[in-house]
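Novice: Here's a structure for you.
The values are calculated or read from the model by the stated rules, or taken from the named source; none is laboratory data. Everything numeric here is computed off the predicted structure, so don't read it as measured data. Methodologically, a virtual Cβ is constructed for each residue, glycine included, from the backbone with ideal geometry; neighbour enumeration extends over all protein chains shown. Keep in mind that these areas ignore ligands, DNA and RNA; they rest on the heavy atoms of the full protein, side chains included. Shrake-Rupley method; radii C 1.70, N 1.55, O 1.52, S 1.80 Å.
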Amino acid sequence: MAVDEQNNVWLGSDDERLLYWDRAKDSWVDRRPGNTGVIKGIQILPDGSVWVILPTLAKLIGFNPNTMRWEKEYRFDTLSTAIRQTTDGRLILATGDDVILMNPHSGVRQVLNREPVNGQIRAFEQDVEGNIWIGTHEFGLVKIDRSGKTTYWTTKNSAISSDKIFSLHIDRNNLLWIGTWHGGLLSFSPENGQ
């Protein structure tokens, strides 16, 4: 789910549709991407373009709300359901063992990690220092620093209560909030790693 600057609510669905609530018209608008595939992740860039992930097809597709058309499509070998916008308007995506930074308008991609990231990637977040935080399904919390170094926090080496992480959020105090499976909601300080 995402909300644009006009407060329209965008939703991806398991029945292959991109839906949004048009506040000006007080109605739902339905757009299929023209092929089959469950829409799992949505991000709205500063230019208003809407980007969705279809993980079963390993596609990233761009939708232009001004023309109401699907305008760009990128294929990958594999693509996780996680997607996140960086502070400069690029997208963070997971393709297999790699975490990439991508400009969806130009297609330029950069691999961020020097070593493979273990586990199915469920969530991304970026902190004020440019570090990328990753929630995995099996291997806890991962940080990729600006040099590409990967660090893991798990139930075995930290106070994290579950290695199954489904959501991440960094608040205005730079505290990382972690939504887990059967481990509750956790707060984690990136400054001291606890």
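Novice: Could you do me a favour and compute the accessible area per residue for the chain, 1.4 Å probe, result in Å²? Write out the running numbers ahead of the final one.
Specialist: Values: 10110 Å² over 194 residues.
Here the per-residue accessible area is 52 Å².
Novice: Provide, for q = 0.11, 0.13, 0.16, 0.17 Å⁻¹, the log10 of I(q)/I(0) from a solvent-free Debye sum over equal Cα point scatterers in the chain.
Specialist: Debye output, listed in q order: -0.50, -0.70, -1.02, -1.13.
Novice: Tell me the accessible surface of Lys72 in square angstrom (1.4 angstrom probe, heavy atoms of protein chains only), to the nearest ten.
Specialist: Accessible area of Lys72: about 80 Å².
Novice: Work out the charge dipole of the stretch 47-194 with +1 on the Cβ of Lys and Arg and -1 on the Cβ of Asp and Glu about the Cα centre, then indicate which of Asn113, Thr67, Asn131 is farthest towards its positive end.
Specialist: Checking the options against the dipole of the stretch 47-194, the answer is Thr67.
Novice: Take Met102, Met68, Met1 and sort them by solvent-accessible surface of the protein heavy atoms, 1.4 Å probe, largest at the top. All intermediate terms of the calculation are to be shown ahead of the outcome.
Specialist: Values: Met102 0, Met68 50, Met1 155 Å².
Reading off the accessible areas and sorting them downward yields Met1, Met68, Met102.
Novice: Another question about this same structure. Positive end of the dipole of the chain, charges at C-beta (+1 Lys, Arg; -1 Asp, Glu), about the Cα centre: which of Gln85, Gly96, Ser27 has its Cα farthest in that direction?
Specialist: Gly96
Novice: Suppose every Lys and Arg Cβ carries +1 and every Asp and Glu Cβ carries -1, with no other charges. What dipole size does the stretch 11-76 come out with about its Cα centre, to the nearest 20 debye? Mind dumping the intermediate values first?
Specialist: On the way: 10 positive and 9 negative charges, 29 e Å.
Charge dipole of the stretch 11-76: 140 debye, to the nearest 20.
Novice: Quick one: what are the phi-derived ³J(HN,Hα) couplings along the stretch 174-179, Karplus 6.51/-1.76/1.60 with θ = phi - 60°, whole Hz, x for glycine and proline?
Specialist: Listing the rounded values in order: 6, 8, 8, 9, 10, x Hz.
Novice: Right, here's the next one. Using the Karplus equation 6.51 cos²θ - 1.76 cosθ + 1.60 (θ = phi - 60°), what ³J(HN,Hα) coupling, rounded to whole Hz, does each residue of the stretch 163-168 give in order, writing x for Gly and Pro?
Specialist: Result, rounded to whole Hz: 8, 9, 10, 10, 8, 9.
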